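Report on the following structure.
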Amino acid sequence: MKKILITFLFIVLYVSSSISVIAESEIIVDAESAILIEVSTGRILYQKNAHEMKAPASMTKIMTMALILEAIENGQFSFDDLHTISENAASYGGSQIWLEEGEVMSVRDLFKSVAISSANDSATALAEKVAGSEKIFVDLMNQKVKDLGLSSTAFQDPTGLAENGDNSSAGHYSTAYDMAMMARYLIQTYPIVLEYTNVYDDYIRNGDSWLVNTNKLVRHSDIDGLKTGWTVEAKYCLTATKFNDDMRVIGVLMGSTDTKTRNAEMLTLLNYGMSNYKVHNQMEKDKIVKVYENILFEPTNIEFKIKNPANIVLRNGTDMGEVTYSININYGNLISGKDIGEMKVLYKGDIYQEILLYVDDEIKKAKYIKVVGKVISRLLGV
């Protein structure tokens, strides 16, 4: 019995040791560029040439889907609305559902075919639905990129087919970092997208057209998106996301040699993040982090709250005692209510998260008579 117990303990220790070594080892990725981020904080967990500009192929549709969902949320149209296909949309090649000019299809089915089977014709049709023309839609795409603060991306169409190479200002390009940030924006702002991207197969046209997901990794129950891509120039690309009860990560690979290698490397990347890192929630969103008192304002006591949860992503086993916070208030902006401040979450002095602050009340300058009254009250101790 003692011998069996010793043998069992040896096996447990050996396996545990092996798992630890694998988890701590550096990832080897053959793709030309790669990145892995944690979604709630945007923290980079792994990167390789992440800021190198490359053709994104159909990963372009991450931004396309974001703008479509934005239009739906704004009430411009609904998933149930019908759309008549234009000659331009019907002419698109590559991945497609063979739309015909004059065909009428619901926005929902068009969106399904973009999210699941990466249909270029459907993406173009919906772009025209949103903006009236493909060109205007592309302008919206590039404006949104700027709004997100991403400086290494430019789009020429809603599909990713228009790639000029050379990373010139007239080209169609992005980076692994920018694509990860766009994917993060899409998931956080319009989580409904995952109800479509996680579907392995579905039907449209009353069951006559079969859609099969180009992202085979969604067959894993904890991977629910997001977008594949391929052109001769871009090679094989993939943006994928994996989740558990505590954390969600996004991985991006650009310039892989083939789908098998790309998918295997993505699984390695996603699993690395999940097994080696943990999100520690320090504060819930809307928590008051600072109270500022000034009799020159109404209200006198101004409560500053954080817009998002204060999370920090650290390697498993990391000492949490070195987490600190830094709050910066732009007092000159209190009246306008814009850019009033931020809170930084730091670990060993390094910034891990920056969270915008807000106030519930409209801040106004106190009237002179009220200021005088407050001063007198304080002098009298009332």
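Hey, does segment 289-297 have a residue that's among the aromatic types (Phe, Trp, Tyr) and surrounded by 21 or more Cβ atoms within 10 Å (Cβ to Cβ)?
Of segment 289-297, the ones among the aromatic types (Phe, Trp, Tyr) are 292, 297.
Narrowing further to those that are surrounded by 21 or more Cβ atoms within 10 Å (Cβ to Cβ): none.
Taking every residue of segment 289-297 in turn, none turns out to be among the aromatic types (Phe, Trp, Tyr) and surrounded by 21 or more Cβ atoms within 10 Å (Cβ to Cβ).
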**Request:** Name, by its number, the condition in (1) modelled with pLDDT under 95; (2) farther than 25 Å from Ile97 by Cα; (3) among the acidic types (Asp, Glu) that does not hold for Glu233.
**Result:** (2)
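Among the residues that make up segment 268-279, is at least one of them surrounded by 13 or more Cβ atoms within 10 Å (Cβ to Cβ) and part of a loop (DSSP other than H, G, I, E, B)? Give the steps one after another, and end with the answer.
Here is the first cut: in segment 268-279, the ones surrounded by 13 or more Cβ atoms within 10 Å (Cβ to Cβ) are 268-274, 276-279.
Keeping just the survivors that are part of a loop (DSSP other than H, G, I, E, B) gives none.
Taking every residue of segment 268-279 in turn, none turns out to be surrounded by 13 or more Cβ atoms within 10 Å (Cβ to Cβ) and part of a loop (DSSP other than H, G, I, E, B).
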**Prompt:** Which fully enclosed helices (runs of 4 or more DSSP H) of segment 128-213 have 3 or more residues being exposed (fewer than 13 other Cβ atoms within 10 Å of the Cβ), within 18 Å of the chain's Cα centre (by Cα) and modelled with pLDDT of 95 or more?
**Reply:** 134-147
**Enumeration of residues in segment 221-235 that are in contact (Cβ under 8 Å) with a residue 24 or more places away in the chain and either buried (at least 22 other Cβ atoms within 10 Å of the Cβ) or within 17 Å of Tyr200 (Cβ to Cβ) (or both)** = Ile223, Asp224, Gly225, Leu226, Lys227, Thr228, Gly229, Trp230, Ala234
**Item:** Meets criteria (of a type outside the set (A, V, I, L, M, F, W, C) and not in a loop (DSSP other than H, G, I, E, B)) for Asn308
**Value:** no
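The values are calculated or read from the model by the stated rules, or taken from the named source; none is laboratory data. Nothing here was measured: the structure is a model prediction, and the numbers come from that model. All Cβ positions, glycine included, derive from the backbone under ideal geometry; neighbour counts span all protein chains shown.
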